[in-house]
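Contents: one structure, followed by commentary.
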Amino acid sequence: MAGARARRVRLWVRWSLRDLRRRWVLVAAIALIIAIGTGAYAGLGSTAEWRYRSNDASYAALDAHELKVSLAEGSVVPAGDLLGVVGSIADPDRVAVAEERLVLPTQLDASTGDEAILVPGRLVGVDVVDGGPHVDLIEVEGGRGLDQADDGRPVALVEAKFADTHDLPLPLSIELTGGSAGASALEAVGWAITPEYFLVLGSSRELLSAGNYAIVFVPLATAQEITGNPDGVNDLVLRATPGTDVDALAADVERAFASRLPDAGATVLTIADDEGRRILYDDIANDQRFWNVFAFLILAGAAVAAFNLISRIVESQRREIGVGMALGARRASLAIRPMLVGVEVALLGVVLGVVVGYLLTQAMKQLFVSLLPMPVWITTFQPDVFLQAALIGLLLPVLATVYPVWRAVRVPPVAAIRTGHLATRGPSRLLRRIRVPGGSLAQMPVRNVLRSPRRTLLTALGIGAAITVMVATFGTIDSFVFTLDTAETELLGGRPDRLIVVLDSYQPVDSPTVRAVTGSPAAADAQTILDVGALLTNDRGDELEALVEVLPLSGDGWQPRIVDAVDPADLGGRAGIILAEKAARDLGVEPGDVVTLRHPRREGLGIRVVDDPVVVAGLHPLPLRPYAFMDTAAASLFGAEGVANAVQLEPAPGSTPDDTLRALFGLPGVSSVRSVASTADYLQDSMDQIIAVMQLAAALVLLLALLIAFNATSISVDERVREHATMFAFGVRVRTVVGMSMTEGLATGLLGTAFGLLLGTLVMRWVVYGLTGDTMPDLGVIAHLTPVTIATAVVLGVLAVAVAPLLTIRKLRRTDLPSALRVVE
């Protein structure tokens, strides 16, 4: 008995494997569809775990500081004083290692023969004695590191991402300015990565990309010499001994500095307070939510397509099941063979999914390494994430076989054996009433579409699922690119060479510093501006951070484009503010409404934070929510009449932007000079990671759509083998049959593409206006579909399906007419 059962099992397996071999191209394509869905889900769904592990390992590998003490701007104390304060706390053995540094703003000239590179930055003087630094170690990406022999010598390391962005050579002669000792020439001997600058952040008044803000590391003695601070330090980093309560240690250190150096303005922060670290970790969860949506879309599209295709393969065996029942075979036994086909296709798809997931992991690893240079990247395969995808990949093909097998075995054998038009349950009365021009062959494709509505809808649904995922993915990329282009257009405002000169403090507009900038022979159309950080609140208490720029809103200089403004007479004597359209939407206000502006106001020699009601005087289309603008007349609101902290200007006639940068670079009182285009560069850098990963997903989606189009056509041809053989027997040419298949594919493709375009657009708009509103609240992404995306959808959903029958010409020519026409009725 057991032997007979084993023989039956072997027979079923061999029979099902024969079915797979007979359709191996189709089976491989369906398995690849499942593989794309499961692999993409596993790869995209693993990014959060990769980044958490990589971040933790990178901070640990370079002994990141656990506490940092920074003195107030302008405060410098003799070397040893900071260590002395830490040594005075109760139980100083809680500190394992501590190092003093000198950290000051600077400007870097790293120009090469081909490119003028003049950017703001930060000079970090580190301890190189006895193999230091020992806290916040420096990983050298290229060249060599700093050692004790370099102390006091004009050598430096430049932050690696900045160097990579500009493709800087080694060694490189650079120049630093900003210190009282004037400009200093140094030699860059390597590119550096260190925990504090895994993510480089510039001044709070600037949006700077990786290529527009430089961190330069030099030996401590060198930093003291070139900045004119002999034996001076202003920064301390330390690590606690294992088991120490870091928060309690921070409180003790803070009390010690308040007691022993009360005038230094020391700020004590733990590593958790580091802004760059916080952004790195916070972005993981937000980004993962974004990837999860596209991972699910790809998996869902693949699942629907696999379900559709496998169920049609099983339905094509309906006659064989009917013959088996007519010969007395048990229904349960007949169901095993097609079920095994579904299981074997699913298993093959899951195995291939491991390969796809691994390849996607490696590709994403390269993207992350290039965008976030850290010393350790852990991108191991995540079994739990893949298991979720694998279960779906296994379950859906099996379910896809259950329904058609159930339909086949529950009917009388004669119904299952019935072929051709007798096997369909289409709207026959409707077919008789529809007048289709042409003869019977011309009418056949349309009648085939209407005669089998279930099959037509399933095919259209499979095509529509692929088009939905493609439109949602490509459309989201289109939206990001369109938003970045809009931001650049609005920021430049027809003045692509506009520059912003950021001052190192608030200055009277007639001060020597401002006069030196506005009166430079290399500058033209100079306007002083005032940038102020503020908080906007509506009447419900909702709050938004804002960067308010006070500048002339009339005249010849650059000003924001206002798309919706109230009459100045309607302001009622109150100050008006121009908000971003997204800020207005998020606050639920419109022009003419009143919001509360919490902002600093200069009063005498001090500054007080006050709340003032202001009227929303208009909206601007710049898709950056924090940006707000007020006219120069509103400067009194800030107690800053006749005061500026920045100047906007353009190159003088005959001068290039580089000429103006060089002329203003290093002026006393100037913190930095940057082109407005650098803000667009910052936005592009911020979006590079998302766009790059989405482009990987888009490539998978494109392949998925092509496979579905090919499979849908191949199955249709297989289903009509007997019909085609009958036409060949009556002398119909192959080209006529192919033309009919193309016509039928065209009709089905149109239906599926229309459905996919509609649903894909809705999904894309939800991603843009729903998901990104939570994950990227400060960027007002604009939903946009390019003609290229629409054309690609039409080509894949209509033309690819319509043209795919051309691939079956060889198969049709080799049709065995007697075998195809042989039937038992």
- Expressed as a whole percent, how much of the Cα-Cα distance distribution for segment 582-658 exceeds 14 Å? 72
- Message: Once the cut-off is 12 Å, how many percent of the Cα-Cα pairs in segment 740-800 end up in the long-distance tail?
- Response: 70
- Message: At a threshold of 8 angstrom on Cα-Cα distance, excluding pairs fewer than six apart, so keeping six or more, what relative contact order does segment 130-287 reach in percent?
- Response: 25
- Task: Can you spot the lysines whose alpha carbon is less than 19 Å from Lys161's alpha carbon? Ignore those fewer than 8 places along the same chain.
- Result: Lys365
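At a 10 angstrom cut-off on C-beta neighbours, averaged per residue, how do the peptides 627-639, 550-562 rank from highest to lowest?
Details: 627-639: 20.3, 550-562: 16.5.
Ranked from most to least packed, the peptides come out as 627-639, 550-562.
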- Item | Protection-proxy order for peptides 664-672, 240-248, each taking the mean of Cβ atoms within 10 Å per residue, highest first | 664-672, 240-248
- Coil-residue GluC sites (Glu not before Pro) of segment 101-156, DSSP, other Cβ within 10 Å capped at 11: Glu115
- Task: Under a cut-off of 15 Å between alpha-carbon atoms, report the aspartates and glutamates in cross-link reach of Lys811, not counting same-chain residues fewer than 8 places apart.
- Result: Asp718, Glu719, Glu723
- Item | Scaled radius of gyration (Cα, divided by 2.2 N^0.38 Å) that segment 525-635 gives | 1.02
- Just order 785-794, 213-222, 128-137 by mean Cβ neighbour count inside 10 Å, highest at the front, would you? 213-222, 128-137, 785-794
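FYI, it's all coordinate maths here, none of it is from the lab. Remember, predicted model here, so these are calculated numbers, not experimental data. Don't worry about glycine lacking a Cβ; one is built from the backbone with ideal geometry, like all the others, and counts go over all protein chains shown.
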